[in-house]
């Protein structure tokens, strides 16, 4: 099938790819092309609350407000952290819409297209 050298090269490449992506769980760019729908901007919400939440949180400087761990972690151990701004957007969205349960919020990230747009299709597991 494959020679031992070829397998070693593929393992090294795969390991480097994993190491490069382990600092953060990454979201998608809102203009990126997806299989369905064609891109995240097709999800563009008509609900003004979503747009206000997004613009408000994007404008905040979380370090100056006393939030810790807002920068990418250099640690390669454990699961990567979620971006702080996206988590704040999720909790603020839940507060505005009366959703308090973290499990309910997680379900909404799969069902609610406005929320998927707001979070940049961030996969929550």
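Every number here is computed from the coordinates shown, using simple stated rules; none is lab data. The structure displayed is predicted, hence computed values, not measured ones. All Cβ positions, even for glycine, are placed from backbone atoms using ideal geometry, and neighbour counts span all protein chains on display.
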*Fully extended, how many nm does the chain gain between residue 64 and residue 104 (0.36 nm per residue separation, minus their Cα-Cα distance)?*
11.4 nm
*With label points built 7 Å along Cα→Cβ from the Cα atoms of residue 29 and residue 48, find their separation and express it in nm.*
3.1
